[in-house]
Amino acid sequence: MKIDAIWTPDVQQNIFRKLLTAFARPAKVLDLSDFLAGANALEGILATLVDSAVNLSDPDGLIDRQTWHLLQTVSCRPEKAAYIVADGGNPPGFTPYTGTLESPEFGATVILAVTQVGSGSYDNTFTGPGIDGEQPLAVEGLHPQWLEKRNTWNQAFPLGVDMLLADRYCIAALPRTTKVKLRGG
């Protein structure tokens, strides 16, 4: 079996650095194409963040069998998962774990596969730590209920969820500290 470059330590370290930058600069579009070598951004994120120490939910069946095998993680319901992969074009059909006051860091990370990050008809403005003033972000293929639900899930800070948007090559992060001004699409 040929293993893609995203499964190598050097590539995962580079993707991890991009993820750190994405969370430090919310709603900023970052390109991962230099590191993907034929894979997509979702696969790169999973290869970097998920292993046997965490669990993962894939309610929309976006992860192929080989990727599941390489991740060596446990599948579980979205309500119990540390990481959730979902189709951003569908409305959310679950409520992710938001952590506890004693351990808010255990709130889930929701990774949404979208058509395009950085352009599209669903355009909103974001504010908060890491953003100088306001940061616009357009996304194609994101159901409007995701950001509405995200606002609900994150209303009891520090409890909440972090969110990553991923298209073929690009990502944008929305940490729970980021506020969204919904403008619709």
Original post:
Out of all the residues in segment 116-123, is one or more acidic (Asp, Glu) and under 17 Å from the mean Cα position of the chain (by Cα)?
Top reply: no
**OP:** Identify, from the list Ser33, Ser57, the residue that is hydroxyl-bearing (Ser, Thr, Tyr) and surrounded by fewer than 21 Cβ atoms within 10 Å (Cβ to Cβ).
**Re:** Ser33
Subject >> Residue in segment 3-24 that is touching a helix residue (DSSP H, G or I) at 6+ places or on another chain (Cβ under 6 Å), closer than 25 Å to Pro136 by Cβ, loosely packed, with under 15 Cβ neighbours inside 10 Å and not charged (D, E, K, R) present >> reply: no
Subject >> Residue, nearest to Gln145 (Cα to Cα), within segment 87-114, restricted to residues that are touching a Lys or Arg at 6+ places or on another chain (Cβ under 9 Å) and not in a loop (DSSP other than H, G, I, E, B) >> reply: Val110
**OP:** Among the numbered conditions (1) in contact (Cβ under 8 Å) with a residue 12 or more places away in the chain; (2) exposed (fewer than 15 other Cβ atoms within 10 Å of the Cβ), tell me where Leu70 comes up short.
**Re:** (2)
**OP:** Only residues in segment 129-157 that are touching a residue at least 12 places away in the same chain (Cβ under 8 Å) and at positive phi count as the first member; pair them with residues that are crowded, with 18+ Cβ neighbours inside 10 Å and in a loop (DSSP other than H, G, I, E, B), Cβ under 7 angstrom, at least 6 apart or cross-chain, and list the lot.
**Re:** Gly130/Pro26; Gly141/Gly88; Gly141/Val114
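Rule-based calculations on the coordinates, nothing more; no lab input. No experiment lies behind these values; they were computed from the predicted model shown. Note that each Cβ is placed from the backbone with ideal geometry, even for glycine, and that neighbours are counted across all protein chains shown.
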